[in-house]
Protein chains: 2
Amino acid sequence: MPTLRIALAQVNPTVGDIPGNAASIRRWSREAADAGAHLVAFPEMMLTGYPIEDLVFRNSFVAASQHALRTLAADLAADGLGDLAVVVGYVDADGPPATSAEAVPGTGRRDASALLHGGEVVATYFKHHLPNYGVFDEDRYFEPGIELTVVRLDGVDVALTVCEDIWQAGGPFTAARRAGAGLVVNINASPYELNKDDVRLPLVQRRAAEAGATVAYVNAVGGQDELVFDGDSMIVSPDGVLLTRAGQFTEGLLVHDLDLPVADTVPNAEGSTDAAAPAFEESRDDHMPVKRAIIDTKLAALTDKRTGGIADRIADEAEIWSALVLGLRDYVNKNRFQSVIFGLSGGIDSAVVAAIAVDALGPERVVGVSLPSGYSSEHSKDDAADLAKRTGLDYRVQPIQPMVDSFLANMSLSGLAVENLQARVRGVILMALSNQEGHLVLTTGNKSELAVGYSTLYGDSVGGFNPLKDVPKSMVWQLARWRNTQGNPPIPENSITKAPSAELRPGQRDSDSLPDYSVLDPIIKGYVDHDLGRAELIAAGNDPALVDRVFRMIDIAEYKRRQAAPGTKISGKAFGRDRRLPITNSFREGL
Amino acid sequence: MPTLRIALAQVNPTVGDIPGNAASIRRWSREAADAGAHLVAFPEMMLTGYPIEDLVFRNSFVAASQHALRTLAADLAADGLGDLAVVVGYVDADGPPATSAEAVPGTGRRDASALLHGGEVVATYFKHHLPNYGVFDEDRYFEPGIELTVVRLDGVDVALTVCEDIWQAGGPFTAARRAGAGLVVNINASPYELNKDDVRLPLVQRRAAEAGATVAYVNAVGGQDELVFDGDSMIVSPDGVLLTRAGQFTEGLLVHDLDLPVADTVPNAEGSTDAAAPAFEESRDDHMPVKRAIIDTKLAALTDKRTGGIADRIADEAEIWSALVLGLRDYVNKNRFQSVIFGLSGGIDSAVVAAIAVDALGPERVVGVSLPSGYSSEHSKDDAADLAKRTGLDYRVQPIQPMVDSFLANMSLSGLAVENLQARVRGVILMALSNQEGHLVLTTGNKSELAVGYSTLYGDSVGGFNPLKDVPKSMVWQLARWRNTQGNPPIPENSITKAPSAELRPGQRDSDSLPDYSVLDPIIKGYVDHDLGRAELIAAGNDPALVDRVFRMIDIAEYKRRQAAPGTKISGKAFGRDRRLPITNSFREGL
């Protein structure tokens, strides 16, 4: 059996930055070659970033991707890396490759994988299974591929697949078995969800059995707008043994040696049948034809044995915290902001946002502004100052009462309008500082209060990025406690233990308006995230009157958003696609 | 040949309001019966409204739709309308019909059409072609149907189809030919685009030829969030003659008598082949099996002859104006707002919004607020007052300088931060009035200034609905001039002819910062709406330096939105799905 040294490049592309992504591929390919690798695999759409969304409809962008792929192959060879097999994701389209700005790449766009070697694009594969659920819209953007691609590398047959191909039975993995592939390379841009790593391993194991081949799974890492990719790259043997696995949320090369079978001398273009194949679901996809390419070069002999090891799994809080930190860092850096600014109230939400921001960017890039009104308590100001001291962020105090008073003196306002006015004056101040000094404004509202509308439109909702928008209040506290156990505790104990208050009128408490978060959050999760109805939530043990009350709050919050904020939707799941809640004047569950 | 009196109910459902939509069906069915109709057809998803988006994932909602359909059939019979064949769109799902809150309708949701008669659901059909482009996401929401449904009504074979089925060759219309259908009923929720009516007629003619049958096309009318449905219902004979056609943007019944062929006595469940069938594109869909139902009742004899007539087409400006008025009216009414409020500057944008709002809601439901600063010109205040007098809207004046000064006295601001501050103080005032008095805030920025970022986030962008968000500035002027020719001119001539200015600093003019709108708007259209690249726009005759300048402005505007407004995307086309523009720090055309 030949031994192949595989490097999985768990790295961080940027959507749209083709030159930057190409440079990253060359840099990591150099590292892989230095580590003695024969083949290095990069994530799905590495060259363009993922998700490119409507950029795919721009012919000039697709042409740029096609052109960059050919240039990359040549550049790698010029770098002295022509002997390294480089598997890389990019966007392709039907029709002749575009060689000038006038050429039209064609209408059938493809989520593609290419194998580069010897200065050439040796083979390409088009993703077969296109996901169109959750955060994915690929039926809108791509045509599915209908052929499997197998590249013979010094006698070993390597099949190319992309992401969703591994999430569905049938298609490329069963085709890989019939084609006799020894290794299936599966390149991914698989977004983080809580505990998704628990799902991935069994899935890769199942497909490895289906293909009867070793599966090398490489995932991107990094934040891209509302998505975070967590890595978790791995290699699994045909009999389901986890051979090596990378950690989550960190860039790096996972280098591992694999003993792989030599392929039949004369490959059958139709694939061979394997009587010993286990019975998997039959699918009309199962008979994908096979495209083959052969690389004759002899692999360099290995003088040592490399194993990638198996990274430990981390606790839920560590997973979520890492995702929030990485998501914020990459949003700020990929959009080239120098610094962030937000209101620091002394409450738990802004305290956790501050801790995330400092972990993501360092204290010198973080500005926290205390914006006290006449209703702000002493402990709020003290707790904000305490957090600033613990973290070292740039702390400022800007009282809002003079501005609030100028509105009150010139208009006739009362009740909620006065409460909201205070939050909006804070928003105007933060935006003025953003315009004056260039900071990105962060929003600090948690998912629970956003869902039930316990927030002011154009007030606390002001900001370009909200680290907590998908974090329920109960989890905000849990994260704060967990973070304080990791080295120097950034969050004042008082911010964690005191009763939450918006401090927009004297003595106000969240509990005046909201049920306890421990009973509120499960109902929000059921109604918003899981589309459960009234009967289902009551059957799950929630109090009927409370279910009705929370449904009404969520429904009215959706109204309020319609009143003054087009496009402001709350998200159904962590790092997920924004969802439209029901238009609830009409359809209310049991009301 | 039997004569069938068909009524096409071009009516206005509300998403989620199943009881209200069912009541509307009963009301219009009564009118159809009173007009002597044998069959009345309602739009796609009439019972649930369209588009229901993520509501489809809520099992309780799908169950409510299924239940309401059966109740509707019984209610129609109880209303004495059992003899009327009623074709109605609804949402269905695989599995047994849900009869209680515990039942799970199953996972395969369907965009369905049913024919109700004699108190029963006689037949159902599931939409075959699912659109997944532009404003449509149906691959995400529905499973495609694979059978054609034909109902024999007193000897005439009537095939049921839904919307997109008519936009694609193959499938139900060719199946209808083989099944020997005499009439194809196509129910629609087809959103308005400029000149879409010019596309629909040839399309219906082509499908009528394909089916060898008369086609009755009924479309919804009304606004639903970001979509407007324009009606334009029609009937076309097998040889392509337009028999009758409704107007756009108005509710009503289109009643027309059709002489239709008697079907073969013994229908073939597989359909019969027709040697005379024209050669259309072959498609794997062409062999849809046929489900048949038979209604034996004898049709009531007709004592007169009814024709629906052919409504005149209207000018482009009238089309757009009607769409804007209907879109605003339905957004306000379906969301149950009593009134709207917005800043009335004396400029052309807010003047046109005021005229649209008054046309949509009447002057008593419209509040215009003049918000002058120290930089506001006398003519601005005069023009705003003049418009208020012409239209009769509720006019108020609220100077902003005291509030602006309170910020300037307490913060160190300069340049753009001061300009934006003024716009944001205006936003705070409008929101305070909204909170205090309950109005919906309207935004008044046109598409050109939104695209190039000539606007203040959380300032002029404040509002729940923006009638002009998809209207380029050139068209704003064109609409103003057109509207002033229709009866009493609402818009002061000076608002139309004066040079546009934001009036945020002394002597400011749009032309200080922007190219002339006559050259700007075509570049925006090319880059944003049509995904054209630099080379394509230059080849189309645009000045290269100007293309570069406008690309840069649009790219930077997208940045600004990222800085402070998550989810604020500009729209690619009129009443279309919001689009994500490229992340333009990385991919810039030719820069």
> Residues A:15, A:56: which one is part of a helix (DSSP H, G or I), farther than 25 Å from residue A:156 by Cα and either assigned by TED's automatic domain parsing to the domain that holds residue A:334 or hydrophobic (A, V, I, L, M, F, W, C) (or both)?
Replying inline: A:56
>> All but one of (1) away from every other protein chain (no Cβ under 14 Å); (2) surrounded by 15 or more Cβ atoms within 10 Å (Cβ to Cβ) hold for residue B:509; state the number of the condition that does not hold.
In response: (2)
> Taking residue A:63 and the conditions (1) modelled with pLDDT under 95; (2) part of a helix (DSSP H, G or I); (3) farther than 27 Å from residue A:147 by Cβ, which numbered condition does it fall short on, given that it satisfies the others?
Replying inline: (3)
> Scanning the stretch B:443-475 for residues that are within 12 Å of chain A (Cβ to nearest Cβ) and of a type in the set (A, V, I, L, M), which turns out farthest from residue B:353 (Cα to Cα)?
Replying inline: B:457
> Which numbered condition trips up residue A:204, out of (1) surrounded by fewer than 24 Cβ atoms within 10 Å (Cβ to Cβ); (2) modelled with pLDDT of 95 or more; (3) more than 23 Å from residue A:252 (Cβ to Cβ)?
Replying inline: (3)
>> What are the pairs with Cβ atoms under 7 angstrom where one residue, in the stretch B:384-410, is small (Gly, Ala, Ser) and the other, located anywhere, is assigned to a helix (DSSP H, G or I)? Sequence gap at least six, or different chains.
In response: B:392/B:363; B:406/A:402; B:406/A:403; B:406/A:406
> Would you call residue A:374 outside any helix (DSSP H, G or I), more than 11 Å from chain B (Cβ to nearest Cβ) and surrounded by fewer than 17 Cβ atoms within 10 Å (Cβ to Cβ)?
Replying inline: yes
>> Residues that are crowded, with 24+ Cβ neighbours inside 10 Å and either within 14 Å of chain B (Cβ to nearest Cβ) or modelled with pLDDT of 95 or more (or both), at least 3 per element: which strands (runs of 3 or more DSSP E) completely within the stretch A:83-181 meet that?
In response: A:85-93, A:109-117, A:148-153, A:156-162
>> Restricting to the stretch B:33-78, and then to whatever is on the phi > 0 side of the Ramachandran plot and within 10 Å of chain A (Cβ to nearest Cβ), can you tell me which residue is surrounded by the most Cβ atoms within 10 Å (Cβ to Cβ)?
In response: B:49
> Only one of (1) outside any strand (DSSP E or B); (2) farther than 30 Å from residue B:233 by Cα; (3) more than 14 Å from every other protein chain (Cβ to nearest Cβ); (4) touching a helix residue (DSSP H, G or I) at 6+ places or on another chain (Cβ under 9 Å) is not met by residue B:338, so which one is it?
Replying inline: (3)
> Among A:257, A:264, A:197, which is modelled with pLDDT under 95 and not in a loop (DSSP other than H, G, I, E, B)?
Replying inline: A:197
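Yes or no, residue by residue, for (1) under 28 Å from residue A:324 (Cβ atoms); (2) surrounded by fewer than 24 Cβ atoms within 10 Å (Cβ to Cβ); (3) of a type in the set (D, E, K, R):
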site: A:409; (1), (2), (3): no, yes, no
site: A:416; (1), (2), (3): no, yes, no
site: A:421; (1), (2), (3): no, no, no
site: A:443; (1), (2), (3): yes, no, no
site: A:451; (1), (2), (3): yes, no, no
> Going by the structure shown, is residue B:44 at pLDDT 95 or above and of a type outside the set (A, V, I, L, M)?
Replying inline: yes
> For the stretch B:527-543, how many residues are modelled with pLDDT under 90 and either closer than 20 Å to residue B:449 by Cα or away from every other protein chain (no Cβ under 14 Å) (or both)?
Replying inline: 6
>> Taking the conditions exactly as written (away from chain B (no Cβ under 12 Å), hydrophobic (A, V, I, L, M, F, W, C), assigned to a helix (DSSP H, G or I) and within 30 Å of residue B:434 (Cβ to Cβ)), does residue A:358 satisfy them or not?
In response: no
> Of these, A:472, A:490, A:515, which one is modelled with pLDDT of 95 or more, more than 25 Å from residue A:402 (Cα to Cα) and of a type outside the set (Val, Ile, Thr)?
Replying inline: A:490
> Of all the residues that make up the stretch A:415-432, how many are more than 8 Å from every other protein chain (Cβ to nearest Cβ) and among the aliphatic types (A, V, I, L, M)?
Replying inline: 3
>> For the stretch B:329-344, which positions are modelled with pLDDT of 95 or more and crowded, with 23+ Cβ neighbours inside 10 Å?
In response: B:340, B:341, B:342, B:343, B:344
> How many residues does the stretch B:381-416 contain that are touching an Asp or Glu at 6+ places or on another chain (Cβ under 9 Å) and more than 15 Å from residue B:350 (Cβ to Cβ)?
Replying inline: 2
> Would you say residue B:455 is under 30 Å from residue A:419 (Cβ atoms) and buried (at least 19 other Cβ atoms within 10 Å of the Cβ)?
Replying inline: yes
>> Quick test of your reading of the structure: residue B:5 fulfils all but one of (1) surrounded by fewer than 24 Cβ atoms within 10 Å (Cβ to Cβ); (2) more than 12 Å from chain A (Cβ to nearest Cβ); (3) assigned to a loop (DSSP other than H, G, I, E, B). Name the failing condition by number.
In response: (3)
> Which of the residues spanning the stretch A:377-414 are within 8 Å of chain B (Cβ to nearest Cβ), closer than 15 Å to residue A:505 by Cα and out of contact with any Leu (no Cβ under 9 Å at 6 or more places or on another chain)?
Replying inline: A:405, A:414
> Any idea which of B:75, B:34 is free of Cβ contacts under 8 Å to residues at least 40 places away in the same chain and of a type outside the set (Gly, Ala, Ser)?
Replying inline: B:34
> Do you know which residues across the stretch B:312-325 are buried (at least 19 other Cβ atoms within 10 Å of the Cβ), among the aliphatic types (A, V, I, L, M) and under 30 Å from residue B:37 (Cα atoms)?
Replying inline: B:323
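So that you can scan it fast, the table gives a plain yes or no per residue for (1) more than 16 Å from residue A:264 (Cβ to Cβ); (2) assigned by TED's automatic domain parsing to the domain that holds residue A:85; (3) in contact (Cβ under 8 Å) with a residue 24 or more places away in the chain; (4) under 20 Å from the mean Cα position of the chain (by Cα):
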residue	(1), (2), (3), (4)
A:143	yes, yes, yes, no
A:158	no, yes, yes, no
A:169	yes, yes, yes, no
A:173	yes, yes, yes, no
A:186	yes, yes, yes, yes
A:196	yes, yes, yes, yes
>> Can you tell me which of (1) within 14 Å of chain B (Cβ to nearest Cβ); (2) at pLDDT 95 or above; (3) within 26 Å of the chain's Cα centre (by Cα) is the one residue A:17 doesn't meet?
In response: (2)
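The values are calculated or read from the model by the stated rules, or taken from the named source; none is laboratory data. Just so you know, these numbers come straight off a predicted model, no measurement behind them. All Cβ positions, glycine included, derive from the backbone under ideal geometry; neighbour counts span all protein chains shown.
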